[in-house]
Amino acid sequence: MHQLEDSGSEHSSDSKAGLIWLMGAAVVTILLWQLPWGNYILYPFTILATWFHEMGHGLTAILLGGNFQKLEIFPDGSGVAFHSGQLWLGRLGRSLVAAGGPMAPAIAGSILILLSRRPRPARSGLISLGILLLLSALIWVRSSFGLMIVPLLGLGILGIALWTPPWLQVLSVQFLGVQACVSTYHQIGYLFTDQAVIAGQVIHSDSSQIAQNLLLPYWFWGGLMTLASFILLIQSLRFAYQD
């Protein structure tokens, strides 16, 4: 009986330490993104967050009856997804496609964090993410930079899944999940602006596109998506580390 209590206490201590480490990593990441040289350190995660974002637009369009034509990612970390066709639900459908981009990193990150509860699901999550990156490069990615960097990310993640020990796979899934979730705060200025410059062209932000199709101003929708991303991060970490 005494041994069981000690084991439970040790497990609780390890879980608490892991949670503190991940939350610390999230805070450090947000701080680094505010520094000029921090963007260089976090560059791979910036590109991955952009990929999640643009895939979110495209896959949401497919779910609503549209066509996902192509995805472009640029060296400055920006990207754009092109879709066509008549979307179901009209204005609401167009708003959901616009929201699919900013919300995709947080949703994907939460899923990755939840998969980290056990080594086998964590490994499966890494394999699935790596394969999806490679498939997206074949099917949708059309910018020259994207065709170079997206497969490299996919191969790197597959390498972790196939040739590293289980503890590192779990840690990698958790870290990638947290990075995806907090990437919302890297684009927070974009969420609270009416227009943005992507590849030299001025376009309406996702928040602005939602506002054009629904009631309430763009800053309301930007705030709502920021809050939703934060809740997804906290709840997924809470579930992943609950006893």
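The values are calculated or read from the model by the stated rules, or taken from the named source; none is laboratory data. Remember, it's a predicted structure, so these values are computed and weren't measured experimentally. Note: ideal-geometry Cβ built from the backbone for every residue, glycine included; neighbour counts use all protein chains shown. Accessible surface is based on the protein model in full, side chains and every heavy atom, while ligands, DNA and RNA are left aside. Shrake-Rupley method; radii C 1.70, N 1.55, O 1.52, S 1.80 Å.
Of all residues in the stretch 120-131, those being among the small types (Gly, Ala, Ser) and open to solvent by 10 Å² or more (accessible area, probe 1.4 Å) number 2.
Being under 27 Å from ILE41 (Cα atoms) and in contact with a helix residue (DSSP H, G or I) (Cβ under 8 Å, 6 or more places away or on another chain) is true for just one of LEU237, LEU214. Which residue is that?
Selected residue: LEU237, the only one of LEU237, LEU214 that is under 27 Å from ILE41 (Cα atoms) and in contact with a helix residue (DSSP H, G or I) (Cβ under 8 Å, 6 or more places away or on another chain).
Across the stretch 49-80, the qualifying residues are those that are of a type in the set (Gly, Ala, Ser) and free of Cβ contacts under 8 Å to residues at least 40 places away in the same chain, and the one among them that is nearest to VAL182 (Cα to Cα) is GLY77. Report whether or not ALA137 is closer than 18 Å to GLY56 by Cα, small (Gly, Ala, Ser) and touching a residue at least 60 places away in the same chain (Cβ under 8 Å). Considered against the rule, which asks whether it is closer than 18 Å to GLY56 by Cα, small (Gly, Ala, Ser) and touching a residue at least 60 places away in the same chain (Cβ under 8 Å), ALA137 comes out as no. Of the residues making up the stretch 154-183, those that are open to solvent by less than 30 Å² (accessible area, probe 1.4 Å) and in contact (Cβ under 8 Å) with a residue 60 or more places away in the chain are VAL173, GLN174, LEU176, GLY177, VAL178, GLN179, ALA180, CYS181, VAL182, SER183. Every test in (1) open to solvent by less than 60 Å² (accessible area, probe 1.4 Å); (2) farther than 13 Å from PHE52 by Cα is passed by ARG117 save one, and that test is (1).
Scan the stretch 187-243 for residues that are charged (D, E, K, R), touching a His at 6+ places or on another chain (Cβ under 8 Å) and open to solvent by 70 Å² or more (accessible area, probe 1.4 Å) and report the count. So the count comes out to 1. Looking at the stretch 90-99, can you tell me whether even one residue there is buried (at least 18 other Cβ atoms within 10 Å of the Cβ), out of contact with any strand residue (DSSP E or B) (no Cβ under 9 Å at 6 or more places or on another chain), basic (Lys, Arg) and modelled with pLDDT of 95 or more? Checking the stretch 90-99: not a single residue is buried (at least 18 other Cβ atoms within 10 Å of the Cβ), out of contact with any strand residue (DSSP E or B) (no Cβ under 9 Å at 6 or more places or on another chain), basic (Lys, Arg) and modelled with pLDDT of 95 or more. Being of a type outside the set (A, V, I, L, M, F, W, C) and more than 14 Å from GLY101 (Cα to Cα) is a description that does not apply to SER207.
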